Amino acid sequence: MIILLFSFTGFLDYFKIGMPYKVLKPGYSKDSNVVLAITYIEIKKDSPDLSKFWDHVFAIHKNVGENPGVLGVSIRKSIFSNKAWTMTVWENESSLENFVENERHRTAMREGRSAIVKTKFYRTTKKYSELPISWDVAEALVEKEGVEY
């Protein structure tokens, strides 16, 4: 019975929803090298800051196109667990770093940090024509090669 319950809860992890990959700069050169960034976040379900965390996530997603150098973005969340991912594509590493260090993102991290159990980050350079990658590939990359903080 315990094995069946464990198998069922693991099965529920496969149910995920996400926002479709949104191209923010149509017509970008397909031969250009760009930066792909994938973030994995595990969230405390019982955190008092959970709604504040998600408010920040959706506010940043809504306004992400205001960041110079961002080319595309998507968010994914497991429906029955506390796991979420982001996938962003940037013109270069400095564009990504400027986003990470901007006030909106720093505030979100500061105010939502108590809701986070675990984070992993993965970055690589790809040809723009190779993107977006599938979520299955993205999840495998961040799991296998991501850096944990």
Query raised in the report: If residue 139 passes every condition in (1) without any contact (Cβ under 8 Å) to a residue 24 or more places away in the chain; (2) open to solvent by less than 60 Å² (accessible area, probe 1.4 Å); (3) of a type in the set (Asp, Glu) but one, which one does it miss?
Result: (1)
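From the residues in the stretch 4-33 that are among the polar types (S, T, N, Q) and either within 17 Å of residue 135 (Cα to Cα) or at pLDDT 85 or above (or both), which one is least open to solvent (accessible area, probe 1.4 Å)?
Per the stated criteria, the residue is 32.
What number of residues in the stretch 130-142 are charged (D, E, K, R) and either outside any helix (DSSP H, G or I) or out of contact with any Phe, Trp or Tyr (no Cβ under 7 Å at 6 or more places or on another chain) (or both)?
Count: 2.
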Query raised in the report: Among the helices (runs of 4 or more DSSP H) confined wholly to the stretch 46-121, which include 3 or more residues that are surrounded by fewer than 18 Cβ atoms within 10 Å (Cβ to Cβ), at pLDDT 90 or above and acidic (Asp, Glu)?
Result: 93-101
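The values are calculated or read from the model by the stated rules, or taken from the named source; none is laboratory data. Quick caveat, the model's predicted, so the values are computed rather than measured. Please note: Cβ atoms are built from the backbone with ideal geometry, for glycine as well, and neighbour counts cover all protein chains shown. All accessible areas refer to the heavy atoms of the entire protein, side chains included, with ligands and DNA or RNA removed. Shrake-Rupley method; radii C 1.70, N 1.55, O 1.52, S 1.80 Å.
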